[in-house]
1. Ranking request for peptides 627-634, 537-544, 686-693: highest mean number of other beta-carbon atoms within 10 Å first, then the rest in descending order.
2. Among 572-585, 426-439, how do they line up from the highest to the lowest mean number of other beta-carbon atoms within 10 Å?
3. DSSP beta bridges in the chain, what fraction antiparallel, as a percent rounded to 5?
4. What percent does the relative contact order of the chain come to when contacts are Cα pairs within less than 8 Å and at least six residues apart?
5. With a cut-off of 17 Å, note down the residues of the stretch 452-487 whose backbone N falls inside the zone around a label point 7 Å from the Cα of Lys584 toward its beta carbon.
6. Ignoring any ligand, DNA or RNA, what whole percent of the accessible area of the chain comes from carbon and sulfur when the probe is 1.4 angstrom?
7. List the equivalent ellipsoid semi-axes of the stretch 392-524 in whole Å, largest first, each obtained as the square root of 5λ for an eigenvalue λ of the Cα gyration tensor.
8. Can you tell me what the convex hull of the Cα atoms of the stretch 457-583 projects to on average, as an area in nm²?
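The values are calculated or read from the model by the stated rules, or taken from the named source; none is laboratory data. None of the values given here were measured: they were computed from a predicted structure. Ideal geometry is used to build each Cβ from the backbone, glycine not excepted, and the neighbour counts take in all protein chains shown. Remember, those area values only see protein heavy atoms, side chains included, never the ligands or the DNA or RNA. Shrake-Rupley method; radii C 1.70, N 1.55, O 1.52, S 1.80 Å.
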Amino acid sequence: MAYMTLMSIAFYISMLCLVTVAKGSELYVNPKGNDEWSGSLKSPNGKLIDGPFKTLERAKQAIRGLKKSNNFKEKLTVNIAAGQYFLNQPLHFSLMDSGLPGREIVWQGEPGAQVIISAGIPLSCIKRDAKFWDCPITKKPVNNEVFDVNRIKGYSPKFELFVDGHKMEIARWPDKDWAHIKIPLEHKTHFSVMETMPKLSGNIKKAQVHIFAGNDWHDEYIELNAVDMSANSLKLSAETVYPLESGRRFYLQNLQILLDVPGEWVADEQLNMVTIIPPPEGILGEVSLSSLPNAVLADNLKLVSFRNIGFQHSTGTALVFTDSSDILLDKIDVSGTGGKGVEINGGQNVQLRNSNIHHTGFTAVSVSGGDKLTLKSSGHEIYNNHIHHLSTVIMSYTPGIEIDGVGVKVAHNLLEQGPHNAITIAGNNHLIERNELHHFCLQTSDAGAIYSGRNWSWRGNVIRNNYIHDIIGYELQSVDLAKNQVSYSAAGARGVYLDDGVSGFSVIGNIFENAGASALQVGGGRDHTISNNYFKTSGYAIWLDARGKDYNWSKNQAYLDESPYKSKHWQKAYPELAKPMHNKIWPEGNTIERNIIVTDKPSGTSLRYHVPKDSTVIRNNLIWSTIGLPSVDYEILELNKNRGGAAWTQWLAEGIEQGNVVGDPCVTINHNKMLTCPGSPIKEIGFKALPTDIGRLP
């Protein structure tokens, strides 16, 4: 037998470890590990010939090896040690990576430690002078496409830059807030600027304009085509979606000349270089670029859990689960994404729990599933998470939680700090309960913290026992071209906005406090139940409108016709759909009962009703104006009778409102709880006590 050296023996063992792994229920991964080891030891052995794996991909292959060798016989846990794991490609999971009943697979970060899976690239930077740092890009980002080509057009870096995990700002003007359109010079491409622009130089066509062109609810990015400094005007390379209007806002980004304040950066692709002005502290920490489109892509994965893991720096959506079932995401942290945070498409029983989803470029969590034909529930749950500081790239129609399909449950979450919606609802039989939502619609108007709209077939949705407060709004109020002045104010937001005819919702037991200009607006919809809510507002508590004459109801009819509303499943679930509509353009069949409404509006007008008398139920509500008698704006559609600021007695004489009480409810809201004084008159209207565990749980 030929003599084998110690080196050749070690080589033989390491090669053997590549195709086999020790039997057992535990595997280990450590940044200081080795993919040629067995992965069965938490720490390297004394001879440094065995120990934990180095990469997650190697652990995934080891599990496949266990299955292939028929050694996958019990629950298996992949223990991931503290540290940062940079991916060369997204972690792809498929049916082959699934667990089995009684043999679930758990990917678990070390308890109490920080485990980060990064889709980015680390950079090493050199201090150029007292102000600038240069960071060579030695490895180019993998992804070369923007997340949404419809909303983001023209040249811009396809990556983002982070210092110590915090996103830096691409060099821009103005450095903060917005500049404003003075006069549109062409319909959708050319405008003069209200503020005096800085002198712009360099390759102008590499600059981008982030713009709300014609309203306060749609933003987009468009490449700059030309600058006329003498006319103080900009010309875009493509048309905006909406026509340009005076006073609307924009900012300009991605020119070297604009790099002037701490926390900004700009890329030079010819030099393969990023230049940074460090954050205000003046210290440049760990620098990284986003690179991969995703961190995790799972397709048809089953019976797998991910716990105690952070995911960062994808150019698109960090975690995508498609047609996957019985998945648990528990105590994960997702941040710094160019697209969404977590996306759940189809499948059954995917749960996102006790997690932190924040600083996403678009929507934080997108979830859909269930069977629309049979109304079978998806079983998906978004439970007890903190979702905040979202939509940092596109600010509109990119909510905290986006729901579609059938039977998604969203409960006990804290959602805060978003430019547009907190939760958007499409589909059927979803439950939104015991969440706290605050500080949304910070950059938009005609918006709602909880929003749904434009579909008669989206029924059975319940918004229950939530605390919705401090919903702000941002709306253009006035433009003075002579004085070069523009004014925006906190206006145009709603707490719950059931828009454009959406129907069949239940809004029950919620607390609305300073929840926008209208705490709850029903935009022409049908068959809603609004019951047992507490409203405290200086705007409208409830606004039930009939939509304008120009609204196109044929879209609602088309969506309804496309649904299986005539099937036995739907007729049983939504019996109202079996009944003929008396008037399709009226908000028929709505019930408003047992609500508490407190207003400090100077006029006392906290209710606005445009309703048909024959099919509207308004009863047993308690009304209180802190500064005088309440009043009502109303229109009775059958009679074409329209009154603004009508006295309460005049409204009651119309015979629509029944069994009301006018009196001080003596209610306070403390730590998400509604408290009442002894002797409060709320019992007179049959108001039911609200839960005491609204919001995120410990």
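1. Sorting 627-634, 537-544, 686-693 by mean packing, highest first, produces 537-544, 627-634, 686-693.
2. 426-439, 572-585
3. Approximately 30 percent, going by the DSSP bridge assignments.
4. 7
5. The answer is 454-458.
6. Reported share for carbon and sulfur atoms: 52 percent.
7. The equivalent ellipsoid of the stretch 392-524 has semi-axes of 27, 15, 13 Å.
8. Taking a quarter of the hull surface, the average projection is 10.1 nm².
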